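Bear in mind that the values in this text are calculations on the coordinates, not laboratory data. The structure presented is a predicted model; accordingly, all values stated were derived computationally and were not measured. Cβ placement follows ideal geometry from the backbone for every residue including glycine, while neighbour counts extend to all protein chains displayed.
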Amino acid sequence: MPLFATTVFLSAFLLFQIQPIVGKMILPWFGGSSSVWSTCIVFFQAELLLGYAYVHWLHEKLPGRRQALVHGGLLLLSLVTLPVVADPVWKGTAMAHPGLSVLAVLATAVGAPYLLLSTTGPLMQAWYARSHSASLTTARPYRLYALSNLASMLGLLSYPVLIEPLLPVGAQLMSWSAAYAVFVVTCVATAVLAWHRMAPPAVAHPAELAAAPPPGWRECLLWIGLSATPSILLLAMTRHLTQDVAPVPFLWVLPLSIYLLSFILCFDAPRYYVRPVFLAALPLALVAMDSVLDSGMDVPLLIGLLCACLFIFCMVCHGELVRRKPPVRHLTLFYLMLSVGGALGGLLVGLVAPAIFTAYFELPLGLFLCAALVVTVLWRELRPVWRGLLLVTLLGYGWRLGDISQEYVQGYRRVVRNFYSQLRVQDSTDAALGPQRTMLHGRINHGEQYTALAHRRQPTAYYCEKSGIGRAIRSLPQAQPLKLGVVGLGAGTLSVYGRAGDEMRIYEINEQVLDLARSEFSYLADTPARIVPVLGDGRLMLEREAPQQFDLLAMDAFSGDSIPTHLLTLEAIQTYLGHLKPEGLLAIHITNHYLDLRPVMAAAAQHFGRTALLYKLQPEDNDAYCSHSIWVLFMRPESESSLPASLQGGERLVPRPGFKPWTDSFSNLLGILK
């Protein structure tokens with residue numbers, strides 16, 4: 001037992017440790033979008049499905065000893081794929097199909113090792129059952145599944161706490177590759193032990209194992225549904241967190257750890273799934289999610305509520321799964337159906353939903369499926385009157401979710417969605433300034449315009465004359481043409497500041513943003529400046545270009561309150577500074593509900609010997625055109641003593657003692673939560 005347990009523990013630990021490592025490495029290559037993590041999960045679930053299918057085939061078609069020989073040989077062959085590393089050639093080269101590109105880079109980087117790791121849990125359980133066929137009542141191979149989920153959760157939780165702060169990404173990959181080699185040795189040793197203990201090749205299955213009848217197709221469909229629903233909810237709720245806060249490993253790891261914890265508790269012992277308690281808590285969780293879908297809330301409350309609800313959903317679905325687990329003879333089929341459900345759920349959220357939905361309908365859909373599955377599970381146990389009551393309640397809940405889903409798209413001029421985001425264009429009327437048009441990403445304003453002729457050329461919101469960026473552009477020399485760079489287009493508001501002879505080079509990763517800026521807003525069409533749009537991730541595009549000699553470069557590429565951390569690292573800022581004229585200004589927009597980015601800015605400025613001045617437009621200072629905003633300007637220290645009048649009054653940022661600058665290998669969101 002210790003050797004089987006060690007092999008299962010090590011495989012599961014490595015299986016889930018590699019996910020945030022590779023996800024963090026490739027995140028900057030695809031614009032820092034939260035969808036990168038969803039697509040990574042799709043890949044890992046698909047690999048898990050392939051692994052479980054391989055184990056089921058092995059279990060059903062080959063005698064025990066031959067299984068050990070085949071699997072041991074594949075493990076040794078997989079060593080030639082080491083070390084695991086993602087090929088940088090994928091950087092920004094496939095922006096037309098980013099989802100497929102993420103899958104491709106993951107397949108080439110970790111495909112073979114991950115596939116073999118994914119087979120270990122069910123295969124070790126099957127081998128353990130075979131080698132203890134005389135005492136199946138005490139062997140309890142299903143407990144190895146609980147152990148594997150415990151190791152998975154430890155692998156995830158240890159990453160943001162221990163691995164990420166201590167090691168750069170390259171060292172993380174090399175360390176993981178070395179640990180994988182140790183796993184191969186351990187697994188081969190387990191295969192040798194199993195080969196000696198299992199029945200000879202002439203006996204395909206011990207009599208005790210072969211006697212159990214196979215489950216029917218209805219039971220298999222129920223297994224799939226109970227597995228797919230928490231997978232949908234996991235990814236949809238993670239997307240909600242990572243889009244509105246930040247696409248970082250910590251917020252990937254937390255929901256996934258809760259998901260795994262439910263597996264641990266349910267598969268370790270049935271007593272942890274106290275059915276009456278969790279079934280009673282389920283309606284409360286469904287009602288609580290109504291608040292998440294229908295309104296915003298503070299970050300700690302949002303994270304706590306989402307995690308508590310997710311735990312209840314997963315405990316109910318996985319608890320009901322365990323209540324229906326088959327005899328050990330059919331455990332590989334059981335795990336295969338679980339992996340089918342997980343892969344289908346991941347596929348829906350990660351790839352299908354961005355392609356066919358205009359809004360984030362997958363979360364309401366997952367909530368309804370969860371409620372419907374519970375009704376299905378309980379149906380035969382209830383009296384007719386309770387069946388009718390549950391059915392009416394389910395239909396009412398579905399109606400409510402439908403109303404919320406309709407609110408995602410009703411009342412807007414345009415609603416579009418792709419891999420990078422969901423965007424909405426909304427018309428409204430201001431009592432003083434007349435018709436107003438706004439571009440929204442989630443609940444965040446990404447640019448607005450007053451469409452009346454008298455006001456349509458006025459800069460608005462975060463970009464008005466009183467904002468940090470407005471003051472910075474007005475401070476530039478006006479006697480000569482200017483060259484301005486902008487990373488993040490939005491509605492195109494900053495083009496208002498362009499004059500005849502000026503050039504404004506605008507970097508935008510999302511083609512839908514450019515389409516909406518051109519078709520729904522008139523800023524780009526009205527400006528006399530020359531507009532040069534560049535499609536692609538702003539940082540990657542700037543890294544490839546010759547120095548642009550910008551008079552000012554404005555960084556405003558954040559999606560809602562989500563921070564693509566790769567845009568704020570020392571390596572990124574060094575790239576930006578390299579594109580400025582000697583006296584050029586770097587302006588970074590750091591307005592955020594949840595994160596205080598001032599320490600990040602101060603540490604970077606100190607590293608490069610620059611002065612960082614903060615310009616905060618308070619709500620009480622706003623005029624009709626302005627919104628609350630915070631901009632930081634990077635400049636040479638000698639420029640601070642001779643600032644023009646428009647830039648007087650900025651707050652000089654002072655580094656926080658002990659705060660570590662962000663790099664491509666290190667960033668810490670926990671340290672800057674408000």
Rg/Rh for the chain to two decimals, with Rh computed the Kirkwood way over all alpha-carbon pairs. 1.03
Roughly speaking, what is the stretch gain from Glu381 to His97, that is 0.36 nm per residue apart minus the C-alpha to C-alpha distance, in nm to one decimal? 97.5 nm
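Peptides 468-477, 540-549: what's the order by average Cβ count within 10 Å, highest mean first?
Working: 468-477: 21.2, 540-549: 15.0.
Ranking, from highest mean packing down: 468-477, 540-549.
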Taking only DSSP H segments of four or more residues, each worth -39500 (n - 2.57), what value at 222 nm results for the chain once the sum is divided by all its residues, to the nearest 500 deg cm²/dmol? -17500 deg cm²/dmol
Of all trypsin sites (Lys or Arg not before Pro) in the stretch 304-368, the ones in DSSP coil with at most 16 other Cβ atoms within 10 Å are Arg324
Degrees, to the nearest 10: 511-520 long Cα axis against longest axis of the chain: 40
From the phi of every residue in the stretch 180-188, what ³J(HN,Hα) in whole Hz does the Karplus formula 6.51 cos²θ - 1.76 cosθ + 1.60 yield, where θ is phi - 60° and glycine or proline is x? 5, 4, 4, 4, 4, 4, 5, 5, 5
Figure the gain on full extension for Ala452 and Arg323 (residue separation times 0.36 nm, minus the Cα-Cα span) and round it to one decimal in nm. 40.0 nm
Relative exposure of Ser158, Ser339, Ser101, judged by other C-beta atoms within 10 Å (fewest first): Ser158, Ser101, Ser339
Rounded to the nearest 10 degrees, the helix 362-378 long axis (Cα) sits at an angle to the longest Cα principal axis of the chain of 20
Lone cysteines, the chain (no partner Cβ under 4.7 Å): Cys40, Cys187, Cys220, Cys266, Cys307, Cys309, Cys314, Cys317, Cys370
Anisotropy class of the stretch 538-654 from Cα gyration tensor, a/c 1.5 cut: oblate
Over 29 Å between alpha carbons, listed pairs Lys24/Lys325; Lys24/Lys581; Lys466/Lys581; Lys24/Lys466: Lys24/Lys325; Lys24/Lys581; Lys24/Lys466
To the nearest 10 degrees, the tilt of helix 35-61 (Cα long axis) against the first principal axis of the alpha carbons of the chain is 10
Please report Ile232, Ile630 as a ranked list, fewest other C-beta atoms within 10 angstrom at the top and most at the bottom. Ile630, Ile232
Any idea what the alpha-carbon Rg over 2.2 N^0.38 Å comes to for the stretch 421-462? 1.15
What's the exposure ranking of Asp502, Asp537, Asp430, Asp87, going from fewest to most Cβ atoms within 10 Å? Asp87, Asp430, Asp502, Asp537
